[in-house]
1. At R0 = 30 Å, how high is the FRET efficiency between residue 196 and residue 164 if r is their beta carbon distance? Nearest 0.05 is fine.
2. Report the paramagnetic label zone for residue 245: residues of the stretch 417-457 whose backbone N is under 20 Å from a point 7 Å from Cα along the Cα-to-Cβ axis.
């Protein structure tokens, strides 16, 4: 008997045992419990076998040489050719109807779910999926990529989401995120997995240290001028994988419109959440480096004798004074919502309110500190903990991404729940554009585009 069919029967038998006891308002008898345990062990073994077979199928498909067919009118195909997967691939990719693409993301996800089913035959896979993978997800791109790289092979990374759907997801990710929408985002093109940029290695504004070592002189100031040159550092960004899982019931999967509605709302928000979390506090290992973890971040000390879990006017005044001056026009305050009572009660030496309401309809919904917007975010720590309030210029944070989303699916992961799992893959990396905080020309208190407040406990 087929392993999958056996697994289905075992699952049904387990359900029947439970249903019988439930209908009679009792627990399983000792004999029934023994039967249930035995069948469940068999079911787990069958599922493990299915999982191994699926993994091996993916590896086998990945080792196969992908065909690079030309696109043109459909030619008559001998039925015998359908037994040759390479001939079938050539035939289906020649179908000009595939160029029209999918009508919406729900329709494409249904096709991906069918194509990812272990029992689906190659020749029955929706031609539009194959067409999109060969052309980078854009039906209008007529150039077929022939590199053989993993990005063009479905078995090595799923199916590319059609470009207009992918663009909508990415656009929504960066437009809905208060943090992600403000960073310096650089899309990475085809054939590239990262970006290396030269940057001025500057940590002090003292003479001889500006721009990493450039110095100028007034005529007559020095009889013999000393040569100088800037010092450069390299900022290296390499794409990391952000994977999101989405479980769809059979009822949802059968309704393309409902599927589209769920995905278009949920996936951009989930991707935005993880990207913004990384921008703030990412470790830099397998994910972007968050500015709070970077050497350029400045932590302002609490006031002497300051009460725990408080924020006082002197805290924000000193944070403002340590913000790099060119960043003042672009900076925002990021806060946890439980800091707001502290901010609302805050007054300066003249008993004037420091925390101001929106300055007009065009400024809504932001409150203001030092005339800069105050934005509540889940990524700020709770009151009294470092990063519960942050003053940042996010334009000084560089983020690169592939500008595309990839998706595939599996029925094995949630087999017992009768759900299909969709896996989404988004690739990005990021880090602050600064190597370190900056010591000003006059004074020793360091400055930065990224300021937070030390723990008060």
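What follows draws every value from the coordinates through simple rules; no lab data is involved. Computed from a predicted structure; not experimentally measured. When we count neighbours, we look across all protein chains shown, and the Cβ atoms used for this are built from the backbone with ideal geometry, even at glycine.
1. Numbers: r = 31 Å, r/R0 = 1.03.
Approximately 0.45, to the nearest 0.05.
2. Residues passing the 20 Å test: 417-427.
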